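A quick write-up on the structure given underneath.
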Amino acid sequence: MAGKRRRKSTEDPKRTHARYGIASLAEVTFPESGEAVDALVSNVSQGGIGIYSPVPLTVGRDVRVKISFLQTNGNQEVTEVIPGKVAWVKPLHNHFVIGITFTVLDSDRHSNLLNTIQGASRKEG
């Protein structure tokens, strides 16, 4: 994961966690239907994730985000599934930039992602 911060959390009063750039893929699944959309991940924080999607998602919709990324050592691929809710959607050319707020992100179920985010934070500090 790249340790470059995209925006300080203090720059946006709505944002409580700093975002970190990440080169990753995600599969966004809708629990009620089982449908899924593949997306590219632009950034991640302890509060949520930013993605690029070929289709718009409905704001307020519950989702499960399956994110695959390389651990900080760069040698092992890790996949974690995190529940969330679509917070916002903005068109960008013929795609959509989408913000998803995590509804649960805890050290028991998502330790690899949390360790990666914390590692990126330490590199910047």
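The values are calculated or read from the model by the stated rules, or taken from the named source; none is laboratory data. Bear in mind the structure is a predicted one, so any value in this text is a computation, not a measurement. Neighbour counts are summed over all protein chains in view; Cβ atoms, including those assigned to glycine, are modelled from backbone coordinates with ideal geometry.
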TODO: Could you list, in sequence order, all residues of region 81-103 that are over 16 Å from Glu35 (Cβ atoms), exposed (fewer than 14 other Cβ atoms within 10 Å of the Cβ) and aliphatic (A, V, I, L, M)?
DONE: Leu92
- [ ] Could you please give the count of residues in region 34-51 that are surrounded by 15 or more Cβ atoms within 10 Å (Cβ to Cβ) and more than 20 Å from Val78 (Cβ to Cβ)?
- [x] 1
- [ ] Give the residue that is modelled with the lowest pLDDT, with candidates limited to residues of region 1-33 that are buried (at least 20 other Cβ atoms within 10 Å of the Cβ) and either more than 10 Å from the chain's Cα centre (by Cα) or of a type in the set (Lys, Arg) (or both).
- [x] Met1
- [ ] Identify, by number, the condition in (1) buried (at least 18 other Cβ atoms within 10 Å of the Cβ); (2) modelled with pLDDT under 95; (3) of a type in the set (A, V, I, L, M) that Val78 doesn't meet.
- [x] (1)
Task: Val44 modelled with pLDDT under 95 and not acidic (Asp, Glu) - done: yes
